[in-house]
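What follows is a set of notes on a single structure, which appears directly below.
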Amino acid sequence: MQSNQQINYLGEEKIPKLMLKFSIPCILSLLVSALYNIVDQIFIGNSELSALGNAATGVVFPIFILMNMMNAIIRADGSPAGSMASMLTGAIVNIILDPVFIFGLHWGMKGAAFATVIGQTVSFVISVRYFFHTILLLPR
């Protein structure tokens, strides 16, 4: 989805430089993803829902892995920083909203669900914007 000039560097750049450019954002994205799940589990586990709430979040985790598939495509398209930004922004939104919704508004599992849906929606919108932004830049 990027221009030919931007893609050519994948075939011409030195391997160590490419490894750093792609591996660091990828590793950070995966760490953010793990942190996202851990924070959800901590907040839900410390609420009145406890183990039942943790089980519910475990059941929907495969869906969470799907809203991450788009980030893998963005990374493969040559924009590892864009992928990382998408995941990081959604995780930050979720981490901020979890305690507000679960404890502040006393919504319990509903609050955790809303925080996760909002965080995932933010990541999704950023990813979709990337796809449409690059499509609009393609030469005609």
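The values are calculated or read from the model by the stated rules, or taken from the named source; none is laboratory data. Predicted model, so just to flag it, every value in this text is computed and none were measured. Neighbour counts are summed over all protein chains in view; Cβ atoms, including those assigned to glycine, are modelled from backbone coordinates with ideal geometry. For accessibility, only protein heavy atoms count, side chains too; no ligands or nucleic acids. Shrake-Rupley method; radii C 1.70, N 1.55, O 1.52, S 1.80 Å.
Take the Cα of M69, step 7 Å toward its Cβ, do the same at L105, and the gap between the two points is 2.9 nm. Across the chain, Cα pairs under 8 Å and at least six residues apart give a relative contact order of 32 percent.
Taking the dipole about the Cα centre of the chain, with the C-beta of Lys and Arg at +1 and of Asp and Glu at -1, give me whichever of F103, T57, H133 is farthest to the positive side. About the Cα centre, the residue reaching furthest to the positive side is H133.
Report Rg/Rh for the chain, rounded to two decimals, where Rg is the Cα radius of gyration and Rh the Kirkwood radius.
Numbers: Rg = 17.6 Å, Rh = 16.3 Å.
Rg divided by Rh gives 1.08.
Computed from Cα atoms, the angle from the helix 80-99 axis to the main principal axis of the chain rounds to 10 degrees.
Against the chain, whose longest principal axis comes from its Cα atoms, helix 50-76 is set at around 10 degrees.
Counting only protein heavy atoms, what percent of the accessible surface of the chain is carbon or sulfur at a 1.4 Å probe? It is 75 percent, rounded to a whole number. Under 5 Å from the amide H of S47 lies no amide H of any residue 5 or more positions distant or on a separate chain, with H modelled from the backbone and absent for Pro and chain starts. The residues of the chain present an accessible area of 60 Å² per residue when probed at 1.4 Å with all protein chains retained.
Over the chain, dividing the summed -39,500 (n - 2.57) contributions of all DSSP H runs of at least 4 residues by the number of residues returns a 222 nm mean residue ellipticity of -29000 deg cm²/dmol. Axis of helix 109-137 versus longest Cα principal axis of the chain: the two differ by about 10°, to the nearest ten degrees.
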